[in-house]
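The values are calculated or read from the model by the stated rules, or taken from the named source; none is laboratory data. A quick note: this is a predicted structure, and the numbers were derived from the prediction, not measured. Cβ atoms come from the backbone with ideal geometry, glycine included; neighbour counts cover every protein chain shown.
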Amino acid sequence: MKVGRRVKRKVELSACVTAASEWFRQGHGRILLERERHDIEEALNCLFGYHLCQISICRDMDLTQTSRIAHAFSLNPNACGPDSKDAACCDFHRLPLAPESVDVFLLHHTLDYSSTPHQLLVEAVKATIPRGHIIIVGFNPWSIGGAWRALKRVFSGKVLWRQQHLRLGRLYDWFALLELDVVDVKRGHFWPFTQESPATATSGKLERMMRRYQAPWGDYYIVTVRKDVLGAIPLKPQWHEAKLVPLAGVSRELSGRQASCSESKKQ
């Protein structure tokens, strides 16, 4: 039964990746992606390190081009072929990364489509270095777009609309359990049915006003959290200060031998 569930979950995830990749490249999804990309670039400009890992629901999509981190790579469940931009294929509930090996994570709508979003977040936290950062991009269920997606999920059988609908309050509870501190929160795309071109996606009086006052009903949220766990510093033993203390029985035996030797010398 467990093997069957894993195969079914893997097939559904693969279908979600394919459907989401197509949706984000056309129409409303493309405009939403451009607005998200703008906020992601702002968040990445303030972060530094050696390794940056992107895990997106979209295949062959680079959202880290403007980052100052030299080594950036991406993981995706549908990564395949030599021409793929994704470095490796991975499942969302088990990441093929060593503990404390990544400076910055970018989770682009992966919690929305993962069957085990909390487990995915735990895996990302394990692989993040102390004082490292995780950027989470997700759909906001308390928005106009969230209500529209909820109706689509009820009346449509497409895998694209099978989402978790994770609200920020639930994420904050997970952050508290995993000892993550919220650094920044951004919301955007307050009117999801706009026909505005991607080149001017951040313009518009409504969008600017809602962003200025940080209205809570944006179609997406981008949360930057920091792993505030101190790293362990290995301490070397100070052998030059160590003192050898003999056992009581051995010391008495040695003192007796020394006394007998001194008496034999006197004789």
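Considering ALA147, ALA88, ALA72, which residue is surrounded by 15 or more Cβ atoms within 10 Å (Cβ to Cβ) and small (Gly, Ala, Ser)?
Details: ALA147 fails: surrounded by 15 or more Cβ atoms within 10 Å (Cβ to Cβ); ALA88 fails: surrounded by 15 or more Cβ atoms within 10 Å (Cβ to Cβ).
Exactly one residue qualifies, and that residue is ALA72.
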Touching a strand residue (DSSP E or B) at 6+ places or on another chain (Cβ under 9 Å), at pLDDT 90 or above and either crowded, with 21+ Cβ neighbours inside 10 Å or assigned to a loop (DSSP other than H, G, I, E, B) (or both): is that true of CYS80 in this structure?
no
I need a count of the residues in region 204-221 that are loosely packed, with under 14 Cβ neighbours inside 10 Å, touching a residue at least 12 places away in the same chain (Cβ under 8 Å) and more than 27 Å from the chain's Cα centre (by Cα).
1
Please verify whether LEU13 is closer than 26 Å to HIS189 by Cα and at pLDDT 90 or above, treating the condition exactly as stated.
no
Among the residues of region 88-96, are any of a type in the set (A, V, I, L, M, F, W, C), under 23 Å from ARG162 (Cβ atoms), part of a strand (DSSP E or B) and more than 13 Å from the chain's Cα centre (by Cα)?
yes
Taking ARG68, is it modelled with pLDDT of 90 or more and among the basic types (Lys, Arg)?
yes
Of all residues making up region 166-193, the number that are touching an Asp or Glu at 6+ places or on another chain (Cβ under 8 Å) and not in a strand (DSSP E or B)
7
Mind listing whichever residues of region 173-194 are on the phi < 0 side of the Ramachandran plot, surrounded by 15 or more Cβ atoms within 10 Å (Cβ to Cβ) and not hydrophobic (A, V, I, L, M, F, W, C)?
ASP184, LYS186, ARG187, GLY188, PRO192, THR194
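Would you mind stating whether THR116 is buried (at least 16 other Cβ atoms within 10 Å of the Cβ), at pLDDT 85 or above and at negative phi? Quick ask: steps written out before the conclusion?
Values: buried (at least 16 other Cβ atoms within 10 Å of the Cβ): yes; at pLDDT 85 or above: yes; at negative phi: yes.
Yes: the conditions hold for THR116.
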Would you be able to say whether some residue in region 27-40 is assigned to a loop (DSSP other than H, G, I, E, B) and either crowded, with 22+ Cβ neighbours inside 10 Å or modelled with pLDDT of 90 or more (or both)?
no
